[in-house]
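**Student:** Here it is: the structure, laid out below.
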Amino acid sequence: MPYPAQLGFQDATSPIMEELMYFHDHTLMIVFLISSLVLYIIIVMLTTKLTHTSTMDAQEVETIWTIMPAVILVLIALPSLRILYMMDEIFNPYLTVKAMGHQWYWSYEYTDYEDLTFDSYMIPTNELSPGQLRLLEVDNRVVLPMELPIRMLISSEDVLHAWAVPSLGLKADAVPGRLNQVTLTSTRPGVYYGQCSEICGSNHSFMPIVLEMTTLKYFEKWSSMMQS
């Protein structure tokens, strides 16, 4: 969960989100160094009267400021491509769940089970129990097993939505007539919150997402109870 005055990301819960956070810090350091160098050069140019008439004509300087940007771009591109391949499709997911966006709630279908579907509505503020979070709690949570690869299929019945859970590094558009796919794996149990991150209408901010990551034993018990 985010907290007041938070400046960074939420705590990572999946290997993909951990890699995204490392990549963010890596890129931010490069941007910080470039910005510091440019600021230093601007300050020097504005505060000194000394000039070197042949600096701008030196081939060595031109070679450096041509090669260095290319090297920096490579240092950014290689980790980025690595993460893209890590986020690519998995071939043998343990479980497949389909999320359908509606105005304005989510419906979920566990495709590996014969009859395991439900709708997930936000709990109104006046019906919240003590300790529940306003605008984030739902009546039916998505229960999933942790430490196992899970495939989410995401689409929409009406308008554009987006299925996003920041702590897992997930965000995919829910487009009518199109099936998008993301892969998630949680490294620890817990309850993780997300929201529709596409401006889908007047109740856009009232269709939260709640994932409850549990042990495989509890998940099997829950799935049997939901089907009975």
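The values are calculated or read from the model by the stated rules, or taken from the named source; none is laboratory data. This one's a predicted model, so the numbers in the text were calculated from it and none came from an experiment. In this analysis, Cβ positions are derived from the backbone assuming ideal geometry, glycine residues included, and neighbour counts consider all displayed protein chains. Quick note on the areas: whole protein, heavy atoms, side chains included, nothing else; ligands and nucleic acids left out. Shrake-Rupley method; radii C 1.70, N 1.55, O 1.52, S 1.80 Å.
**Student:** Based on this model, can you work out whether residue 142 counts as among the aliphatic types (A, V, I, L, M), farther than 24 Å from residue 21 by Cα and in the same structural domain as residue 198 (by the TED database)?
**Tutor:** yes
**Student:** Could you tell me which numbered condition residue 62 fails, if it satisfies all but one of (1) modelled with pLDDT of 90 or more; (2) open to solvent by less than 90 Å² (accessible area, probe 1.4 Å); (3) of a type outside the set (S, T, N, Q)?
**Tutor:** Condition (1) is where residue 62 drops out.
**Student:** Scan the stretch 154-179 for residues that are open to solvent by 30 Å² or more (accessible area, probe 1.4 Å) and either not charged (D, E, K, R) or not assigned by the TED database to the domain that holds residue 108 (or both) and jot them down.
**Tutor:** The answer is 159, 160, 166, 175, 176, 177, 179.
**Student:** Would you confirm, using the coordinates I've provided, whether residue 34 is at pLDDT below 90 and part of a helix (DSSP H, G or I)?
**Tutor:** Considered against the rule, which asks whether it is at pLDDT below 90 and part of a helix (DSSP H, G or I), residue 34 comes out as no.
**Student:** Within the stretch 176-201, which residues are small (Gly, Ala, Ser) and in contact (Cβ under 8 Å) with a residue 24 or more places away in the chain?
**Tutor:** 186, 190, 194, 197, 201, listed by residue number.
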